[in-house]
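What follows is a single structure, written as structure tokens, with notes after it.
The values are calculated or read from the model by the stated rules, or taken from the named source; none is laboratory data. This is a predicted model, so every value here is computed, not measured. No Cβ is skipped: glycine too gets one built from the backbone with ideal geometry, and neighbour counts run over all protein chains shown. To get the accessible areas, we keep the full protein, side chains included, count just its heavy atoms, and leave off ligands, DNA and RNA. Shrake-Rupley method; radii C 1.70, N 1.55, O 1.52, S 1.80 Å.
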Amino acid sequence: MTTAMKIREMTAKSILSASQVSDYALNPYVGCQHACVYCYAKFMKRFTGHRENWGEFVDVKINAPGLLAREVTKKKPGRVWVSGVCDPYQPLERKYRLTQQCLAILVEKGWPVTVQTKSPLVLRDIGILKRAPDIEVGFTITTADERMRKIFEPGAPPTAKRIEALGTLHAEGIRTFVMIAPVLPEPRGFRSC
């Protein structure tokens, strides 16, 4: 039995935060519909006050583009990691388009950007990505075994779709990368081709 996803629209106080991975992290959402079992961002529950399990809620920062438009004029330019504690292209992005709007602002201002996702929805924004002077898009891939993916990443797109999207972006001249983490074990008795 699956639990209904709790979606909450909220207004944030800031959108660019200091990051240990990059100069800044930008998270238009907190929480993620992909519900990956291994997600390191579960620690965010300490700050959100949610009682739901990680993967059962998403907070939508509806004012993210407006905040970003102000913050890029006040902060020292640096590389922005989109996103640190959510997938910026999780299914809700189809409706809210927060990542798309934020990317357009960063590209217009010439800020360097790293996008990390598991979703081919990033292809929707290929026009914005191609205008960026310094951008890279990475896909997280944990396994080639679709049965394992469904167990560990129940809400995430299939691995084959990620690889296909990666190839499309690369063919369009956009710098790409793959993050292979965590590496999931091969199921006992299963041999891949």
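Return the only residue of 107, 85 being modelled with pLDDT of 95 or more, closer than 23 Å to residue 178 by Cβ, touching a strand residue (DSSP E or B) at 6+ places or on another chain (Cβ under 9 Å) and not acidic (Asp, Glu). Give the steps one after another, and end with the answer.
Values: 85 fails: modelled with pLDDT of 95 or more.
It is 107.
When the residues of region 178-191 are filtered to those that are within 21 Å of residue 86 (Cα to Cα) and open to solvent by 60 Å² or more (accessible area, probe 1.4 Å), the one that is modelled with the lowest pLDDT is 183.
So residue 82 passes all but one of these: (1) over 20 Å from residue 142 (Cα atoms); (2) touching a Pro at 6+ places or on another chain (Cβ under 6 Å). Which condition number does it fail? So residue 82 meets the others, but not (1). Under the condition of being at pLDDT below 75 and not hydrophobic (A, V, I, L, M, F, W, C), the residues counted in region 35-55 number 7.
Filtered by the rule that a residue be of a type in the set (D, E, K, R) and surrounded by 19 or more Cβ atoms within 10 Å (Cβ to Cβ), region 112-135 gives 118, 125. All of (1) under 30 Å from residue 158 (Cβ atoms); (2) hydrophobic (A, V, I, L, M, F, W, C); (3) assigned to a helix (DSSP H, G or I) hold for residue 115 with one exception: (3). Against the list (1) at pLDDT 95 or above; (2) buried (at least 23 other Cβ atoms within 10 Å of the Cβ); (3) within 16 Å of the chain's Cα centre (by Cα), the condition residue 95 fails is (2).
For region 136-164, taking the residues that are within 18 Å of residue 86 (Cβ to Cβ) and in a helix (DSSP H, G or I), the one that is most open to solvent (accessible area, probe 1.4 Å) is identified as 152. The criterion of being closer than 25 Å to residue 57 by Cβ, of a type in the set (Phe, Trp, Tyr) and open to solvent by less than 10 Å² (accessible area, probe 1.4 Å) holds for residue 89. Beta carbons closer than 7 Å, at least 6 apart along the sequence or on distinct chains, pair a first residue in region 72-101 that is closer than 20 Å to residue 37 by Cβ with a second that is of a type in the set (Val, Ile, Thr) and in a loop (DSSP other than H, G, I, E, B) for 84/21. Are any residues in region 134-165 under 18 Å from residue 99 (Cα atoms) and over 14 Å from the mean Cα position of the chain (by Cα), and if so, which ones? Within region 134-165, 134, 135, 165 qualify.
Only a single criterion out of (1) buried (at least 16 other Cβ atoms within 10 Å of the Cβ); (2) in contact with a helix residue (DSSP H, G or I) (Cβ under 6 Å, 6 or more places away or on another chain) is not satisfied by residue 109, namely (1).
Taking the condition of a type in the set (Val, Ile, Thr), without any contact (Cβ under 8 Å) to a residue 60 or more places away in the chain and in contact with a helix residue (DSSP H, G or I) (Cβ under 9 Å, 6 or more places away or on another chain), does residue 135 pass? Yes, satisfied.
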